[in-house]
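Everything below concerns the one structure shown next.
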Amino acid sequence: MKKLSLFFALACSLILSGCATTFSSQVSVFHEWPGSTQDKSYIFERAPGQENNPEHKLYEDLLRSRLQNLGFKEVTAGTTPSLKVELQYATTLREIQYSPFWQPGIYDPYWGLHFSRGIYRRHYIYYPPYWGWPGYPRGWMDISMRSTYLHQLQIRITEMNGNKKLADIKASSEQLNPEISLYIPYLIDSALKDFPGKNGSTSKVELTVNN
């Protein structure tokens with residue numbers, strides 16, 4: 001009976017652990033944050049097309065909530081804030097190329113990030129030696145392609161007076177689903193994790209997602 005109870009507890013723990021997945025992203029941080037003395041009152045600065053945009057309003061609400069947890073305070077109309085916050089996001093169609101393990105990752109010139117690639121061998125047909133070369137499996141010469149989507153988010157925090165940029169944080173994640181709305185909350189959380197973060201760093205951030 002004791003063994004049966006132990007087995008049941010182990011099975012339950014495995015089931016519960018299977019409900020959690022991981023969201024991975026690359027985060028680049030550049031900042032000149034003055035420290036705890038910084039006045040964190042702010043307003044959102046919107047680009048053309050973001051005003052009266054329901055999608056942007058939803059993402060802005062998510063960011064507003066995260067900023068509030070970090071001690072930021074959005075000011076009302078007629079009050080002069082210390083900071084202005086900008087939120088940008090985009091999705092880029094990409095192609096993953098499965099190839100031999102020495103295939104390098106793709107480098108994104110805008111985001112300045114590297115994305116690694118997996119290894120995939122489609123099929124193996126042995127070819128006999130030819131002109132002294134040894135035989136080899138056909139699979140390692142093949143290339144297989146599939147579409148993926150690079151979801152990108154950028155948060156800029158700038159001084160209202162003097163327009164000095166205090167923080168520029170970029171987060172991106174490569175996913176099979178083209179809908180960026182599914183990943184915006186996690187991109188925001190990744191970007192603001194350990195805010196303001198280490199200046200000049202690019203790192204992989206992993207968040208636990210409970211399904």
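General remarks:
- Count of residues meeting criterion [open to solvent by less than 30 Å² (accessible area, probe 1.4 Å) and in a helix (DSSP H, G or I)] in the range 45-90: 5
- Taken over the range 172-210, the criterion of being hydroxyl-bearing (Ser, Thr, Tyr) and buried (at least 19 other Cβ atoms within 10 Å of the Cβ) is satisfied by Ser172, Ser173, Tyr183, Tyr186, Ser190.
- Under the condition of being open to solvent by 60 Å² or more (accessible area, probe 1.4 Å) and either closer than 19 Å to Lys193 by Cβ or modelled with pLDDT under 50 (or both), the residues counted in the range 33-44 number 1.
- Inter-residue pairs, beta-carbon under 6 Å, first farther than 16 Å from Val205 by Cα and hydroxyl-bearing (Ser, Thr, Tyr) and in the range 155-176, second part of a strand (DSSP E or B) and open to solvent by 10 Å² or more (accessible area, probe 1.4 Å), 6+ apart: Thr158/Lys84; Thr158/Lys165
- Tyr98 vs. criteria open to solvent by less than 60 Å² (accessible area, probe 1.4 Å) and at pLDDT below 95: yes
The values are calculated or read from the model by the stated rules, or taken from the named source; none is laboratory data. All values reported here derive from a predicted model rather than from experimental measurement. Neighbour counts run over all protein chains shown; Cβ positions are idealised from the backbone, glycine included. The accessibility values were calculated without ligands, DNA or RNA, using every heavy atom of the protein model including side chains. Shrake-Rupley method; radii C 1.70, N 1.55, O 1.52, S 1.80 Å.
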